[in-house]
Amino acid sequence: MQLIAAVILMLCAWQPSLAATFHSDGVASCGACHTLHNLENGRPVNPAPDNNYLLVMNSASDLCLSCHSNSLGAVWSDSPMHPAPEFGAGNFVFIGAPNMNDAPDGLTVPLSGSHGVHNCVAPSQNALQDPVHASSSRRQLPSAELRCTSCHDPHGNQNFRMLRGAGPLPGTNYMFVEEAPLAQGLTLNGLPESRSQHTAYQAGWTSWCANCHGLYHDEGSVGFEHPVDETLPNEVVTSYGLYDGSGNPTGGNPLLSYLPQVPYEDMSMTTVSTIGPTAASRIMCMSCHRAHGSSAVDLGRWDFRTVNIRMDGFQSGSYPLPNPYGSGTIERQLCVKCHERDTRTHGFSQACIECHRYDTALTKVPSEVIKRRP
Ligand code: HEC
Ligand code: HEC
Ligand code: HEC
Ligand code: HEC
Ligand code: HEC
Ligand code: HEC
Ligand code: HEC
């Protein structure tokens with residue numbers, strides 16, 4: 001650590017003047033984040049346990065949040081009942097929700113906001129590590145080490161949103177093996193997400209999440225088993241293109257059918273495209289999840305636990321995620337966007353995952369409705 005401190009001091013003394021954006025392409029002003037003061041023998045006088053890098057704040061996440069909680073994306077604002085406008089990643093502010101379980105057992109088994117977000121350890125927000133999961137599933141990054149810089153490189157890079165690519169995670173023994181995903185994003189001081197303005201996911205999203213989670217849900221998974229990285233078959237392409245809400249399930253215009261709540265990845269995607277998928281489009285982790293968090297259990301882009309999405313928040317009292325087809329309509333789970341034909345005849349009285357998941361211990365679901373793949 002002594003050595004790293006010395007390197008930081010040395011590098012900070014050499015400051016190229018770059019007229020670039022704040023994080024720039026690698027070299028923002030070091031002094032905005034690293035302190036050169038309060039040092040004794042090259043160490044901060046009162047370093048917090050988490051702060052081994054001469055940071056100006058007690059932890060990496062607190063440092064990022066000093067600029068990004070209420071502005072520049074507003075990723076931890078305003079309150080769990082009034083989230084800041086959406087720019088793609090979802091919001092960490094939902095960690096403060098007392099309950100977000102809108103399943104039938106929602107009142108007897110309350111699930112707090114920690115179930116809806118990636119819990120970044122940030123003392124300034126009283127945010128601790130996830131109380132339930134000791135680590136990420138499958139590849140096991142310890143939850144105590146999850147912070148903004150687990151996913152973003154504070155020093156900037158050429159990747160979308162400065163996401164980390166393959167390589168070691170500083171301060172841990174952990175290694176990313178997959179490259180950063182390809183995408184284009186909204187301008188942080190511009191207009192928020194809408195049907196004609198959204199993150200354009202292009203490639204590599206499933207493998208990027210797999211850096212910490214492996215191919216979660218893939219064949220053989222306990223719980224909800226589902227493809228996570230494959231091209232969309234014709235039936236799904238058609239369903240997506242024509243589905244325009246429960247009021248117009250097969251008559252929509254494929255040129256206007258893109259829904260940011262149910263995205264897919266495609267190399268031809270742009271932030272303003274409204275067109276639906278083609279045979280080259282792929283399902284990915286982000287088709288169903290937000291990256292930071294949401295007002296639904298498991299960072300869902302919609303609430304996976306209600307029969308109808310307008311029941312989101314009804315029982316738990318948490319923030320209801322907006323119904324993309326208008327609050328007046330009764331929409332089932334947005335899985336229907338891709339599976340309209342298969343769900344014409346079933347799935348009207350329970351949330352999809354009440355039947356479409358299984359548990360080796362057979363404790364969660366009755367065996368007769370368990371769907372296993374051959
Ligand atoms: C936006 C805030 C920010 C800026 C600006 C910044 N750093 Fe850092 N730096 C961090 C954080 C946070 C860490 C702790 C490691 C981590 O969490 O990734 C760190 C770690 C380091 C490390 C040790 C670990 C590593 O990643 O190699 C060095 C060396 C370093 N910084 C040098 C610099 C220099 C030199 C500059 C200016 C050219 C600079 N930093 C600018 C936030 C910043
Ligand atoms: C001193 C204020 C400040 C701090 C501290 C800061 N940022 Fe930023 N950040 C900015 C500004 C300004 C922008 C927009 C301009 C730019 O892209 O450089 C930005 C942009 C970003 C973006 C979007 C980049 C893009 O290309 O779309 C991400 C992601 C981000 N910051 C993450 C972080 C993380 C993670 C940390 C903590 C390590 C952090 N920031 C610390 C000021 C800050
Ligand atoms: C699990 C990985 C992960 C962690 C942890 C994480 N981010 Fe992000 N962040 C992402 C991804 C992925 C995106 C792009 C999401 C999209 O557009 O769908 C993103 C987007 C952003 C943006 C752009 C605005 C937006 O809402 O899309 C900002 C700013 C940002 N992150 C800051 C932060 C800060 C600050 C923290 C810590 C409090 C943090 N991130 C922690 C993965 C992460
Ligand atoms: C840097 C490692 C890392 C990356 C990358 C990452 N995660 Fe996680 N994720 C974790 C950890 C650690 C946990 C457990 C702690 C927690 O839930 O906050 C977790 C938990 C989760 C949970 C369960 C949340 C809960 O509390 O029940 C979901 C869902 C999830 N991640 C989805 C994703 C998706 C989708 C991506 C890709 C955008 C992703 N993760 C990328 C580390 C990561
Ligand atoms: C088709 C939609 C869909 C896709 C694609 C998807 N997920 Fe999920 N995910 C879900 C649903 C639904 C649940 C809740 C399952 C349950 O309650 O059994 C969930 C739950 C999770 C959990 C939480 C498990 C727990 O016990 O807390 C993690 C972690 C997770 N997903 C990660 C991922 C990752 C990583 C990817 C990409 C490799 C991914 N998901 C792709 C729908 C999806
Ligand atoms: C972005 C489109 C998309 C979304 C959203 C989506 N799926 Fe799928 N689903 C697919 C694709 C693609 C397949 C693979 C179909 C194939 O190969 O014929 C699939 C397959 C399935 C299967 C059959 C599994 C098997 O054995 O092949 C079930 C059941 C299913 N999905 C349920 C769901 C549920 C429940 C949700 C919501 C939580 C959901 N899907 C969301 C695209 C989607
Ligand atoms: C009451 C339990 C139940 C509910 C709720 C339910 N399903 Fe099903 N689903 C089934 C059963 C049983 C099958 C037939 C399985 C088979 O034939 O292998 C099936 C078949 C499917 C298939 C075709 C799978 C294949 O292999 O071709 C899809 C896709 C599907 N369901 C999606 C959904 C979606 C999306 C929802 C939520 C809107 C949903 N289901 C709700 C029990 C249910």
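The values are calculated or read from the model by the stated rules, or taken from the named source; none is laboratory data. For clarity, every value in this text was computed on a predicted model and none was experimentally measured. Virtual Cβ from ideal backbone geometry, glycine too; neighbours counted across all protein chains shown. Heavy atoms of the whole protein, side chains included, go into the accessibility calculation; ligands, DNA and RNA do not. Shrake-Rupley method; radii C 1.70, N 1.55, O 1.52, S 1.80 Å.
Other residues whose C-beta falls under 14 angstrom from the C-beta of Pro260 contribute a net charge of 0, scoring Lys and Arg +1 and Asp and Glu -1. For the peptides 59-66, 126-133, 153-160, residues were scored by their other Cβ atoms within 10 Å and the scores averaged per peptide; the highest-first order is 59-66, 153-160, 126-133. Across segment 209-218, coupling constants 3J(HN,Hα) worked out from phi with the 6.51/-1.76/1.60 Karplus curve, θ = phi - 60°, read 4, 5, 3, 10, 10, x, 8, 3, 6, 5 Hz, and Gly and Pro carry x. The residue list Pro110, Ala291, Val132 was ranked by how far each Cα lies along the charge dipole of segment 82-374 toward its positive end, using unit charges on Cβ atoms, and Pro110 comes out on top. In this structure, the amide hydrogen of His289, modeled 1.01 Å from its nitrogen in the peptide plane, lies closer than 5 angstrom to those of Arg301, counting only residues at least 5 positions away or on a different chain. A Förster radius of 30 Å, combined with the Cβ-Cβ distance separating Ala166 from Asn70, puts the computed FRET efficiency at roughly 0.35.
Between the C-alpha center of segment 276-353 and that of segment 218-241 there is a gap of 15 Å. With both residues required to sit in segment 82-374, DSSP beta bridges show an antiparallel share near 95%. Each Cα pair of segment 200-265 feeds into the Kirkwood radius, which the Stokes-Einstein equation turns, at 37 °C and 0.692 mPa s, into a diffusion coefficient of 239 µm²/s. In this structure segment 234-354 gives 43 Å² per residue of accessible area when probed at 1.4 Å with all protein chains present.
Backbone N atoms of segment 198-212 closer than 20 Å to the 7 Å Cα→Cβ label point of Met175 belong to residues 207-212.
Under Stokes-Einstein, with the Kirkwood radius over Cα pairs standing in for Rh, what whole-number D in µm²/s applies to segment 64-161 at 20 °C and 1.002 mPa s? Translational D for this selection: 146 µm²/s. Close amide H pairs (under 5 Å, H built 1.01 Å from N) link His226 with Asp218, residues at least 5 positions away or on another chain.
In this simple spin-label approximation, Met267 and Cys355 carry label points 7 Å from Cα along the Cα→Cβ vector, and these lie 3.9 nm apart. Taking 0.36 nm per residue of separation and subtracting the current Cα-Cα distance, fully stretching the chain between Ser135 and Ser196 would add 18.3 nm. With distances taken between every two different alpha-carbon atoms, segment 148-209 has a Kirkwood hydrodynamic radius of 12.8 Å. A simple spin-label model places the labels of Ala144 and Ser246 4.7 nm from each other, with each point 7 Å out along Cα-to-Cβ. The mean of 1/r over all distinct Cα pairs in segment 82-374, once inverted, gives the Kirkwood hydrodynamic radius of 19.8 Å.
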